[in-house]
Amino acid sequence: MIKLSNRSISLSLLGLALNLALAGCAGDPLESGVDPFAPTVFKEGATAMPLNPPNKSTIQPFYVSQHTIFKFAVDTDSILIGNDGVTRYIVILTSPNGNSQTQYEGIRCDSFQWRLYGTFENSAWKENPLSTWRTIQSNVPNRYQAALAQGAFCNFAYQEKNIKAIINSLNPNGFTGQTKPTNSFGVVN
């Protein structure tokens, strides 16, 4: 049988207590040096172009503004809610003379930006090699990205994660392409 002195037991218990205290501090932001309120750096996930053209049975027209002469629609089957904070979708823009353009885009709610990934040309998707994130414009007649962000894809500065909520928001009977609130008191831009 091993005989331990009171001193060795006390030192062992003190060492154990010190190790537990240090382990407990590892998650403390003040001790670990990690600021939980610091802005995070955006890292976009890989974006693959769609494999198919828009699905005609799931194209949903949406309201943009009283000042636009174009018509806009989104393919609800194409809406992808990314874990990287980007909502990707296919949008169809139609001019007054009936010509249309189909684009694959993404919206970031946290920064209120959009990106054009590519266009559908000659029955195939063509990637946009100059694709960059751009600020969404709220004060232009063809403000369709703002209408989608404010009316369906975003919940203030946060990405809407529920696809059913997005599709319900796009309902033409209730979709208004809302104005983005700037604070919790409902003051708008």
Practice task
Return yes when Ser65 is part of a loop (DSSP other than H, G, I, E, B) and in contact with a Lys or Arg (Cβ under 7 Å, 6 or more places away or on another chain) and no when it is not.
Solution key: yes
Handout entry: Among (1) polar (S, T, N, Q); (2) farther than 30 Å from Leu148 by Cα; (3) modelled with pLDDT of 70 or more - the single one Thr68 does not satisfy
Key = (2)
Handout entry: Verdict on Gln178 being at pLDDT 95 or above, farther than 18 Å from Met49 by Cβ and among the polar types (S, T, N, Q)
Key = no
Practice task
Hey, can you tell me all the residues within the stretch 128-161 that are of a type in the set (S, T, N, Q), modelled with pLDDT of 95 or more and either in a helix (DSSP H, G or I) or loosely packed, with under 13 Cβ neighbours inside 10 Å (or both)?
Solution key: Thr132, Thr135, Gln145
Exercise for the section: Determine if the stretch 70-80 includes at least one residue that is crowded, with 17+ Cβ neighbours inside 10 Å, within 15 Å of Gly177 (Cβ to Cβ) and small (Gly, Ala, Ser). Expected result: yes
Exercise for the section: Hey, could you check the stretch 120-151 for residues that are of a type in the set (A, V, I, L, M) and out of contact with any Cys (no Cβ under 7 Å at 6 or more places or on another chain) and say which is farthest from Thr94 (Cα to Cα)? Expected result: Leu130
Problem - Qualifying positions in the stretch 55-88 - touching a Phe, Trp or Tyr at 6+ places or on another chain (Cβ under 6 Å) and either charged (D, E, K, R) or free of Cβ contacts under 8 Å to residues at least 60 places away in the same chain (or both) - result: Ser78
Practice task
Starting from the stretch 89-108, keep only residues that are in contact (Cβ under 8 Å) with a residue 12 or more places away in the chain and over 12 Å from Pro53 (Cα atoms), then list their pairs with residues that are buried (at least 23 other Cβ atoms within 10 Å of the Cβ) and of a type in the set (Gly, Ala, Ser) whose Cβ atoms are within a distance under 7 Å, requiring at least 6 positions of separation or different chains.
Solution key: Ile107/Ala149
Handout entry: Residue check for Gln60: within 16 Å of Phe175 (Cα to Cα) and either of a type in the set (Phe, Trp, Tyr) or not in a strand (DSSP E or B) (or both)
Key = no
Practice task
For the stretch 118-127, indicate whether the set of residues that are closer than 21 Å to Phe156 by Cβ and either modelled with pLDDT of 95 or more or surrounded by 15 or more Cβ atoms within 10 Å (Cβ to Cβ) (or both) is non-empty.
Solution key: no
Exercise for the section: Report yes if some residue within the stretch 97-108 is more than 17 Å from Ser65 (Cβ to Cβ), in contact with a strand residue (DSSP E or B) (Cβ under 7 Å, 6 or more places away or on another chain) and not in a strand (DSSP E or B); otherwise report no. Expected result: no
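The values are calculated or read from the model by the stated rules, or taken from the named source; none is laboratory data. Fair warning: this is a prediction, and the values are worked out from it, not measured in the lab. Virtual Cβ from ideal backbone geometry, glycine too; neighbours counted across all protein chains shown.
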